[in-house]
Amino acid sequence: MSTPSAHPPSSGAAGETSLDLRGTPCPLNYIRSKLALEKLETGAWLQVELDAGEPEHMVMAGLRDAGHRVEREPLEPGIVRLRIRRDG
């Protein structure tokens, strides 16, 4: 059985970059989110869909500690969307 891989980043509404990390284990979901943010300009938004629970908490905490703004939106049972604003 293979490990699910993240879908490549895509541009969403209003030029917002999206990343689908559902099924991606910790800490890979945090690392992929951080790398995607590094490619964006300061003030740009990244939208990340990932599993609820430990994955969302690890990504949110790490990115907030790095100084980024993180907003959480529940989508369906077990899935959340994080909107992350690159700051700095």
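The values are calculated or read from the model by the stated rules, or taken from the named source; none is laboratory data. Just so it is clear, the model here is predicted, and its values are computed rather than measured. Methodologically, a virtual Cβ is constructed for each residue, glycine included, from the backbone with ideal geometry; neighbour enumeration extends over all protein chains shown.
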Across the range 59-70, what is the number of residues that are over 15 Å from GLU16 (Cα atoms), among the hydrophobic types (A, V, I, L, M, F, W, C) and either in contact with a strand residue (DSSP E or B) (Cβ under 8 Å, 6 or more places away or on another chain) or not in a helix (DSSP H, G or I) (or both)?
4
Quick check on my filter: what residues within the range 15-37 are in a loop (DSSP other than H, G, I, E, B), among the hydrophobic types (A, V, I, L, M, F, W, C) and more than 10 Å from LEU50 (Cα to Cα)?
CYS26
Only one residue in GLU73, GLU56 is at pLDDT 95 or above, outside any loop (DSSP other than H, G, I, E, B), buried (at least 16 other Cβ atoms within 10 Å of the Cβ) and not hydrophobic (A, V, I, L, M, F, W, C), so which one is that?
GLU56
